[in-house]
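The values are calculated or read from the model by the stated rules, or taken from the named source; none is laboratory data. In this text, all values refer to a predicted model and were calculated from it rather than measured experimentally. Virtual Cβ from ideal backbone geometry, glycine too; neighbours counted across all protein chains shown.
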Amino acid sequence: MPEATLVEAINLALGRAMEEDPDVVVLGEDVGINGGVFRVTAGLQKRFGAERVLDTPLAELLISGLCVGMAAQGLKPVGEIQFMGFIYPCLDQLVNHASRLRNRTQGRLTCPMVLRTPHGAGIRAPEHHSESTEAMLAHIPGLRVVIPSSPARAYGLLLAAIRDPDPVVFLEPTRLYRAAKGEVEDNGESMPLDRAFVMRAGRDITLVSWGAMLKETTAAADTLASDGIAAEVIDLATLKPYDESTLLGSIAKTGRCVIVHEAARTSGFGAEIAADIAERSLPSLLAPVTRVTGYDTVIPMARLEQYYMPSVERIATAARKVCQFS
Amino acid sequence: MASRRVNQDLPVIARFEVRHRNYLAPDGSIARPLPAFTSDAKLLIALYRSMVFVRLFDRKAVALQRTGRLGTYAVSLGQEAVSVGIASAMREEDVLLPSYRDNGALLWRGVKPEEILLFWSGDERGNRFSSGPAHDFPFCVPVGSQAPHAAGVAYALKLRKEPRVAVCLFGDGATSKGDVYEAMNFAGVHKLPAVFIATNNQWAISVPLRLQTACETLAQKAIAAGFAGEQVDGSDVVAMHAATEEAIAAARDGEGPRFIEAVTYRLGDHTTSDDASRYRSVDEVQAHWKEEPIARLRAYLVSRKMWSKADEEQLAAECHERVEQAAERYLATAPRRPETMFDHLYAELPEAYASQRRELAGEHDA
């Protein structure tokens, strides 16, 4: 099977979706001749023309609002927001319109759109380029929030997101864009949304994460293995709605859970998961559920960002502590 | 407004103009030669009948609200010519993106009055438009946020080479929002088949136009987006119909977007929850009653012997009957079951939320 980076996998999925469905259009800032600032849309305008791969004016609210209008007319727009720090002008459109057009009209108008944006820190980018505010989006009823952690899942989940009849925010781990390489077959096969992926089976503790943090989480599981602790690693992949049964099934087996995310701790998506575990899995728990997260501070600029992000050591230490509890 | 500090020695590189359109003077006399469509008495009378119906419908809605049988309602008193003039110039296949005060446009396009009441009672089923154009957007409450949708709709129409036009309505307050400018700017860039119309009723709740903008007109805001804006007497339904018809025809022919500023006056409160006497004088409102659109068109029709007192009485009785029947059908609508609040959240309710629906339905998970 051919190898692809995360960027290449997303590019393949976009090309495949546009090939198979003339209603798919790609829009955003610099997505045309430039192929996007990360080259995610490279070559698409040449293949599909400037009408279907369009450079928008520099206006993020507009991009999200255009997607709503296009989708209501039956197109399948895939909008790109250049960095997650610039997605905030889109919140009005996402909260008030995209996520509820179907409900407001009782199914008369629908909103099959995808809004893609790079997610997370760790590439020494300028200010406002390193956000991981996925929990804000996961709070919006009617929306789906998806974040892949490998090229294969980026390909399969993006195809699923584009084909989905409802709006999806697709977060792309910036740090993995080129760092993650893996086998990707461009066969048009999607992966299921709303499903978590068990990356590694283990009986002692469940480590759950998403996006780029899977890298550190998996490395921590390696470290723990050398200590004789068998960690089960889960990639949540879809945050809204998240696959509670896979997670709780794992905890029923391990009795222990560490949640890892790059976003700030307070009201992070880890809090949602921890609350569900407390409500549903208390009889299985052998130790308190623990979170390893970014700190409750503004994500620092490049020079300090490495201290903000959960490290392999922080994750492994937290996991050992949980395992020592009982 | 030219500043005295402008250096007059520099060459002028661009000049712009904004035109004003009006045919019927406030007293119903002819201010300017009428457009050709006015020779069609049937159309003029249809416009008149529709405006009268909208006013009676509004009055009934307020009465229902005052007696606790309807939620907050936005009356369009004084603005009937804007909604009706616009909608009557559209084709069914065109796409309407209305603001929340455009009852008249929805009614003209065939939305049932009982559905409009259902919406304002707080029931999403009012947006089903079971008899109106299924592609029209529902009332938009977050001000101006429908403008980018209109640009998206128009882009889709152009991409598919469909000879249809997106018609987007918003108020004077909306022109202060980035949404409206971003949408118009994009429509200009791509010469989209879109018509943007600002109903300038002088008041955004309590904030007068002079606090929204320093511009002499709202129409000139189109100039910055690269297309023409026209100011129209929004209390003259002939002018509203003619201006919209021209703008839509140009957009349909691939000439790109147009902008219309419909200058009118909100004779009523902002909504039934508002008391306009807190921020504007009775004298101001009284003065604008002299310009209102229904009396204006009636005066013209009567002067041309196209309308009589008997016609008026018959119309009043007919409208009363229609409004009362609509209200009865609205009041007789069976309530939704609570758990149906989940039914159009997604195409298929994710399992993650299905248990919440079951809980609301009184079913218990095993």
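Can you find a residue that is modelled with pLDDT of 95 or more, crowded, with 20+ Cβ neighbours inside 10 Å and among the acidic types (D, E) anywhere in the stretch A:80-101?
There is at least one residue in the stretch A:80-101 that is modelled with pLDDT of 95 or more, crowded, with 20+ Cβ neighbours inside 10 Å and among the acidic types (D, E).
Being surrounded by fewer than 22 Cβ atoms within 10 Å (Cβ to Cβ) and part of a loop (DSSP other than H, G, I, E, B) narrows it down to one of A:A252, A:A302, so name that one.
Details: A:A252 fails: part of a loop (DSSP other than H, G, I, E, B).
From the options A:A252, A:A302, the qualifying one is A:A302.
Residues are listed down the side, and each one gets a yes or a no for (1) part of a helix (DSSP H, G or I); (2) at pLDDT 95 or above; (3) surrounded by 22 or more Cβ atoms within 10 Å (Cβ to Cβ):
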| site | (1), (2), (3) |
| --- | --- |
| B:K221 | yes, yes, no |
| B:A224 | yes, yes, no |
| B:V238 | yes, yes, yes |
| B:A242 | yes, yes, no |
| B:R266 | no, yes, yes |
| B:T272 | no, no, no |
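What residue, of B:V84, B:V18, is surrounded by 13 or more Cβ atoms within 10 Å (Cβ to Cβ), in contact with a strand residue (DSSP E or B) (Cβ under 8 Å, 6 or more places away or on another chain) and of a type in the set (V, I, T)? Walk me through how you get there before you give the answer.
Details: B:V84 fails: in contact with a strand residue (DSSP E or B) (Cβ under 8 Å, 6 or more places away or on another chain).
It is B:V18.
Could we say that B:N185 is under 30 Å from B:A327 (Cα atoms), polar (S, T, N, Q) and in contact with a helix residue (DSSP H, G or I) (Cβ under 6 Å, 6 or more places away or on another chain) here? If you could, list the steps in order and put the result at the bottom.
Working: under 30 Å from B:A327 (Cα atoms): no; polar (S, T, N, Q): yes; in contact with a helix residue (DSSP H, G or I) (Cβ under 6 Å, 6 or more places away or on another chain): yes.
The answer is no for B:N185.
Just need a number here: residues in the stretch B:329-359 that are assigned to a helix (DSSP H, G or I), surrounded by 16 or more Cβ atoms within 10 Å (Cβ to Cβ) and within 14 Å of another protein chain (Cβ to nearest Cβ). Quick ask: steps written out before the conclusion?
Of the stretch B:329-359, the ones assigned to a helix (DSSP H, G or I) are B:329-331, B:338-342, B:351-359.
When the remaining residues are screened for being surrounded by 16 or more Cβ atoms within 10 Å (Cβ to Cβ), the result is B:330, B:342, B:352, B:357.
Now restrict to residues that are within 14 Å of another protein chain (Cβ to nearest Cβ): B:342, B:352, B:357.
Of the residues in the stretch B:329-359, 3 are assigned to a helix (DSSP H, G or I), surrounded by 16 or more Cβ atoms within 10 Å (Cβ to Cβ) and within 14 Å of another protein chain (Cβ to nearest Cβ).
Determine whether the stretch A:176-190 contains at least one residue that is free of Cβ contacts under 8 Å to residues at least 60 places away in the same chain and crowded, with 20+ Cβ neighbours inside 10 Å.
Taking every residue of the stretch A:176-190 in turn, none turns out to be free of Cβ contacts under 8 Å to residues at least 60 places away in the same chain and crowded, with 20+ Cβ neighbours inside 10 Å.
Of everything in the stretch A:133-159 that's among the polar types (S, T, N, Q) and under 27 Å from A:V184 (Cα atoms), which residue is surrounded by the most Cβ atoms within 10 Å (Cβ to Cβ)? Write out each step before concluding.
To start, the set of residues in the stretch A:133-159 that are among the polar types (S, T, N, Q) comprises A:133, A:149-150.
If we keep only those that are under 27 Å from A:V184 (Cα atoms) too, we end up with A:149-150.
Numbers: A:S149: 26, A:S150: 24.
Looking at residues that are among the polar types (S, T, N, Q) and under 27 Å from A:V184 (Cα atoms), I get A:S149.
Need the failing condition index for B:A326 against (1) under 18 Å from B:F119 (Cα atoms); (2) of a type outside the set (D, E, K, R); (3) within 14 Å of chain A (Cβ to nearest Cβ); (4) in contact with an Asp or Glu (Cβ under 8 Å, 6 or more places away or on another chain), just the number.
Unmet for B:A326, out of (1) under 18 Å from B:F119 (Cα atoms); (2) of a type outside the set (D, E, K, R); (3) within 14 Å of chain A (Cβ to nearest Cβ); (4) in contact with an Asp or Glu (Cβ under 8 Å, 6 or more places away or on another chain): (3).
Out of the residues in the stretch A:30-52 that are within 12 Å of chain B (Cβ to nearest Cβ) and touching a helix residue (DSSP H, G or I) at 6+ places or on another chain (Cβ under 8 Å), which is farthest from A:G69 (Cα to Cα)? Don't jump to the end; show me each part of the working.
Of the stretch A:30-52, the ones within 12 Å of chain B (Cβ to nearest Cβ) are A:48-52.
Subset that is touching a helix residue (DSSP H, G or I) at 6+ places or on another chain (Cβ under 8 Å): A:48, A:51-52.
On the way: A:F48: 21, A:E51: 16, A:R52: 15 Å.
Ranking the candidates gives A:F48 first.
I'd like to check something: does the stretch B:189-212 contain any residue that is at negative phi, facing chain A (nearest Cβ under 9 Å) and at pLDDT 95 or above? Spell out how you get there, then give the answer.
Residues of the stretch B:189-212 at negative phi: B:189-190, B:192-201, B:203-204, B:206-212.
Next, from what is left, pick out any that are facing chain A (nearest Cβ under 9 Å): B:189-190.
When the remaining residues are screened for being at pLDDT 95 or above, the result is B:189-190.
Yes - at least one qualifying residue is present in the stretch B:189-212.
Here is a list of conditions, (1) at the interface with chain A (Cβ under 9 Å from one of its Cβ atoms); (2) polar (S, T, N, Q); (3) over 17 Å from the mean Cα position of the chain (by Cα), and B:S176 meets all of them except one; can you say which number that is?
Among (1) at the interface with chain A (Cβ under 9 Å from one of its Cβ atoms); (2) polar (S, T, N, Q); (3) over 17 Å from the mean Cα position of the chain (by Cα), B:S176 violates only (1).
Give me the residue from the stretch A:100-155 that is among the charged types (D, E, K, R), more than 14 Å from chain B (Cβ to nearest Cβ) and not in a loop (DSSP other than H, G, I, E, B) and, out of that set, farthest from A:I81 (Cα to Cα). Even if it seems obvious, please write down each step before you answer.
Step one: of the stretch A:100-155, the residues among the charged types (D, E, K, R) are A:100, A:102, A:104, A:108, A:116, A:124, A:127, A:131, A:134, A:144, A:153.
With the extra rule that they be more than 14 Å from chain B (Cβ to nearest Cβ), the set shrinks to A:116, A:124, A:127, A:131, A:134, A:153.
After this cut, where a residue has to be not in a loop (DSSP other than H, G, I, E, B) as well, the list is A:116, A:134, A:153.
Working: A:R116: 6, A:E134: 14, A:R153: 20 Å.
Within the stretch A:100-155, the match that is farthest from A:I81 (Cα to Cα) is A:R153.
Scan the stretch A:205-218 and tell me whether some residue there is buried (at least 24 other Cβ atoms within 10 Å of the Cβ), of a type outside the set (A, V, I, L, M) and over 16 Å from the mean Cα position of the chain (by Cα).
Step one: of the stretch A:205-218, the residues buried (at least 24 other Cβ atoms within 10 Å of the Cβ) are A:205-214, A:217.
Next, from what is left, pick out any that are of a type outside the set (A, V, I, L, M): A:206, A:209-211, A:217.
Filter once more, so that each one left must be over 16 Å from the mean Cα position of the chain (by Cα): A:206.
Yes, the stretch A:205-218 has at least one match.
Do you know which residues across the stretch B:125-156 are within 24 Å of B:P338 (Cα to Cα) and at the interface with another protein chain (Cβ under 7 Å from one of its Cβ atoms)?
B:R125, B:N127, B:R128, B:F129, B:P138
Looking only at residues that are more than 25 Å from B:E124 (Cα to Cα) and in contact with a helix residue (DSSP H, G or I) (Cβ under 6 Å, 6 or more places away or on another chain) in the stretch B:87-98, which one is surrounded by the fewest Cβ atoms within 10 Å (Cβ to Cβ)?
Taking the stretch B:87-98 first, the residues more than 25 Å from B:E124 (Cα to Cα) are B:88-91.
Now narrow it down to the ones that are in contact with a helix residue (DSSP H, G or I) (Cβ under 6 Å, 6 or more places away or on another chain): B:88-89.
On the way: B:S88: 21, B:A89: 23.
Applying the filter and picking the extreme gives B:S88.
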